[in-house]
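One structure is given below, encoded as C-alpha cells.
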Amino acid sequence: MLAGNFSRLIVCLSAVCCCVNRGYLTQSVLAWWTYDRTDLIAPLDNLTLPELNSSAKDFTYSVETVGHAGVLTVGLDAEDGMLNSSQHVILTIAVVHSIALATFSDVVGWIYFVAWSISFYPQVIVNYRRKSVSGLSFDFLALNITGFLCYTIFNVGLFWIPEIQDEYFARHPRGVLPVEANDVFFAIHAVCLTIVQIAQCFIYPSDGQRLFKFTIIGLGALWLASVIMGILAAVHVVKWLDYLYYFSYVKLGITLIKYIPQAWMNFRRKSTVGWSIGNVLLDFTGGVLSLAQLFVIAYNFDDWTSTVGNPTKIGLGLLSIFFDVVFIVQHYVLYRKASHKVVDLYPEGESVTSSVLPD
C-alpha cells in the first residue's frame, strides 16, 4: 500500500521460480513490468533476473505516485517467454489518499466482523433463560441455516480446494480470491450457532409452532437443485466453480427474504418476546459499519464504482438494516407492553398460543 509522492516497494523474487516455464532459471534474463492501468504510478525500471537456485533475492524500487489513488495490477514478463506473467508473477499495488484512513477502515472492518460474529449468541442465551423458543420463527431458522450452509460451502470450496482455485484463476487470470480466512471462520461459526438454536427448538417448548409448507417446498427444491448441480459437476457437465457460484446465489436470495417470517410473526403476536433484540442491535451495528467502510474505501482509493457499481451489496446491506430498524421499532415502540395472546399463525386456521414471558 502506497501513499504520498514517493514510497518504497520491495519485490521478492523467490516466488518467480514457480513461474518459470521449466524449473529454475538457468541463466539471467531481461524482465519488464506490465500494467493494467498507467494513471497511478510512474513506470518501474526494467530489471535483469539473475540465475535462480534455491535462494531468494529482493529488489527495492522507489515508486513515484502521480497524484491519483486506486489499485493497479502489475505483472512481470521476460524475454523468450521465460516467465508466464499472465498467471502467477503478479503484484497488486494500492495507492491511497491516507494510510491512517486505510488503518481506520481495517479497524472498522474488524469491529463489524466481531459484531456480526457475536450477534448469534444473544438468541441462544434468551432461549436458554426462558426455557422456551416461542416467539422465534422456525421459518427464519430454516432459511438462516440454509443460507449459511450455502455460504460455508462456497467459502470452504474456494478457500481450500486447489482444483476450484485453478478454475477461478483460469477465469480471472489477474484476479485475487474473493474469500479470506475470516470469511471461512465466520461462515462455519454461523452454521454452528444456528444449529445450536435449532437444537434448542427440539428441547424447549415452542407453543406448537411449525414450518410453513411454502418454506418446506422452497428449501426442498433448492437442495434438490444442489444435488442435481453436484451430479452435473461430477460428470464434468458444469464446472465446480459454477457449482459453488450456485450456492452463493442461493445465499444471496435467502438474505433477501429470511427476516420476513420473523417480522410477520412479531406482527401477528403483537410482541417481540422470544426474539432477541441483542441480536438485532449487533446486526444493525455490523450493517451500518460495513456500509460506512465501503464508502471510506471508495474515497481512499478514488473508486466510487465500488459503491454505485455494486448495487447488490449496497442493496442487501440496506435491506438488512431496514429489517433491523423494523425489529427495533417493534420492540421499543409498537409492542413494548406485550401480553399473553392466542393468535392464528397458520392459514389452515389452527390457533397457536404464543406465550409471552419476560426475557
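The values are calculated or read from the model by the stated rules, or taken from the named source; none is laboratory data. From a predicted model like this one, the values you see are computed outputs, not experimental measurements. Note: ideal-geometry Cβ built from the backbone for every residue, glycine included; neighbour counts use all protein chains shown. For the accessible areas, the whole protein counts, side chains as well, though only heavy atoms, and no ligand, DNA or RNA atoms are used. Shrake-Rupley method; radii C 1.70, N 1.55, O 1.52, S 1.80 Å.
Starting from residues that are surrounded by fewer than 17 Cβ atoms within 10 Å (Cβ to Cβ) and free of Cβ contacts under 8 Å to residues at least 40 places away in the same chain, keep the ones in region 140-166 and report whichever is nearest to Val191 (Cα to Cα). Among residues in region 140-166 that are surrounded by fewer than 17 Cβ atoms within 10 Å (Cβ to Cβ) and free of Cβ contacts under 8 Å to residues at least 40 places away in the same chain, the one nearest to Val191 (Cα to Cα) is Trp160.
Hey, among the residues in region 234-254 that are of a type outside the set (Lys, Arg), assigned to a loop (DSSP other than H, G, I, E, B) and touching a helix residue (DSSP H, G or I) at 6+ places or on another chain (Cβ under 9 Å), which one's farthest from Phe159 (Cα to Cα)?
Across region 234-254, the extreme among qualifying residues is Val237.
For region 293-340, a tally of residues being modelled with pLDDT under 75, in contact with a Phe, Trp or Tyr (Cβ under 9 Å, 6 or more places away or on another chain) and under 19 Å from Asp283 (Cβ atoms) returns 0. Every test in (1) within 30 Å of Leu72 (Cβ to Cβ); (2) in contact with a Cys (Cβ under 8 Å, 6 or more places away or on another chain) is passed by Phe247 save one, and that test is (1). So Ala42 passes all but one of these: (1) farther than 24 Å from Trp304 by Cβ; (2) open to solvent by less than 70 Å² (accessible area, probe 1.4 Å); (3) modelled with pLDDT under 75. Which condition number does it fail? Every listed condition holds for Ala42 apart from (3). Among the conditions (1) at pLDDT 90 or above; (2) under 22 Å from Gln197 (Cα atoms); (3) assigned to a helix (DSSP H, G or I), Trp275 misses just one, which is (3). Close contacts from region 218-243, counting a first residue that is charged (D, E, K, R) and a second that is open to solvent by less than 60 Å² (accessible area, probe 1.4 Å), with Cβ to Cβ under 6 Å and a gap of 6+ residues or different chains, come to Lys239/Glu167. The residues in region 128-163 that are farther than 24 Å from Ile254 by Cα and part of a helix (DSSP H, G or I) can be counted, and the count is 6.
The condition of being open to solvent by 60 Å² or more (accessible area, probe 1.4 Å), assigned to a helix (DSSP H, G or I) and modelled with pLDDT of 95 or more holds for only one of Ile198, Ile228, that being Ile228. Taking region 172-193 as the search range and keeping residues that are assigned to a helix (DSSP H, G or I) and either in contact with a Leu (Cβ under 7 Å, 6 or more places away or on another chain) or acidic (Asp, Glu) (or both), which one is nearest to Leu91 (Cα to Cα)? Going through the qualifying residues, I end up with Asp183. In a helix (DSSP H, G or I), at pLDDT below 80 and open to solvent by 10 Å² or more (accessible area, probe 1.4 Å), is that true of Asp80? Answer is yes for this residue. Restricting region 108-130 to residues that are over 17 Å from the mean Cα position of the chain (by Cα) and open to solvent by 70 Å² or more (accessible area, probe 1.4 Å) leaves a set whose member that is nearest to Ala199 (Cα to Cα) is Tyr128.
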